[in-house]
Amino acid sequence: MIFFLLNFPKILKRIFSVKTAMILSGAGLSAESGLKTFRDNNGLWEEYDVMEVCSVSAFRKNPAKVLDFYNKRRVQLKDVKPNHAHKVIAELKDEFKEQIFIITQNVDDLLERATCKDVIHLHGFLPELICTKCKSVFNIGYKEQESALCPKCKKPFLRHNIVMIEEEAPKYKTLYKLLEKTNLLVCIGTSGAVLPLGYFARSCEKSILNNLEKDEKLSPYFDKIYTKKASVAIDEIATDIRAFLKE
């Protein structure tokens, strides 16, 4: 009886707590929309040395080359559209609201264009520029950056709002905080090369992985695996999420 009384608050929390899910996406989510990825045969790995266009040291050495790289990627966004997976994720967020966390490693705006709310971009947002001096952020859509002069503080420190190699990613703190509240983890189109997905999966009650190819090292950490395109798997994943959150 004493044990029950001492643990009654924990028991109540377990009974009445609202389950949550996190959808964590990577390049595989947007690849079907026509965006090149670093892993494509004809992708950015083939055209650029990543350290020469995506690192802090490269930006210091040749800022014009780095800015040109991001300008091209930003302009490219104008001609792509959200695919079925983006749209279903937006529907899930609209349906479950605070019960579902939408986090992406992608810097494109396809989830937003699919009307998805409250998307957390771990590595930045391509349509935006940021002033590293006053920290002001400006959305320029799909235009090229014309000047490094900040419209607000008038200092020449304006650049792409993307986390580069050799920089900290501030949104990782948000990711880890939300993981503590996550019951179901759903990883879509991400290989785990950047984030410890296996550890994330093991820390949650249930987990789902969706990649185009099976990863023998990553798969054992997940409860369910979908080895197919994100746009094909997403309807089954949505059914899994709804069933879990409505339990």
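The values are calculated or read from the model by the stated rules, or taken from the named source; none is laboratory data. Remember, predicted model here, so these are calculated numbers, not experimental data. Here the Cβ is made from the backbone with ideal geometry for all residues, glycine too, and neighbour counts use every protein chain on show. Only protein heavy atoms, including side chains, enter the accessible area calculation; ligands, DNA and RNA are left aside. Shrake-Rupley method; radii C 1.70, N 1.55, O 1.52, S 1.80 Å.
For the residue pairs 78/173; 173/217; 81/143, the C-alpha atoms sit more than 28 angstrom apart in 78/173.
Computed over the chain, the per-residue total of -39500 (n - 2.57) for DSSP H runs of n ≥ 4 gives a 222 nm mean residue ellipticity of -11000 deg cm²/dmol, rounded to 500. Surface listing: 235, 108 arranged by accessible area from highest to lowest gives 235, 108, probe 1.4 Å. Based on Cα contacts under 8 Å between residues 6+ apart, the chain shows a relative contact order of 23 percent. Taking 0.36 nm per residue of separation and subtracting the Cα-Cα distance, full extension of the segment from residue 217 to residue 193 would add 7.5 nm.
When 237, 225 are compared by accessible area of protein heavy atoms, the largest-first order is 225, 237, using a 1.4 Å probe. About its Cα centre, the range 103-174 has a charge dipole of approximately 400 debye under the convention of +1 per Lys or Arg Cβ and -1 per Asp or Glu Cβ, with nothing else charged. Of the residues 56, 18, 137, the one with the largest accessible area comes first in the ranking 18, 137, 56, computed with a 1.4 Å probe on protein heavy atoms.
For the chain, the membrane-span-like helices by this rule, meaning whole DSSP H stretches whose C-alpha atoms cover at least 15 Å of axis and whose Kyte-Doolittle mean is 0.5 or above, are 2-16, 230-245; this says nothing about an actual membrane. When the C-alpha to C-alpha distance is required to be over 22 Å, the pairs from 36/152; 224/246; 177/229; 117/177; 87/135; 97/171 that qualify are 36/152; 177/229; 87/135. Measuring nothing but how far apart in sequence close Cα pairs (under 8 Å, 6+ apart) lie, relative to its length, the range 56-181 scores a relative contact order of 25 percent.
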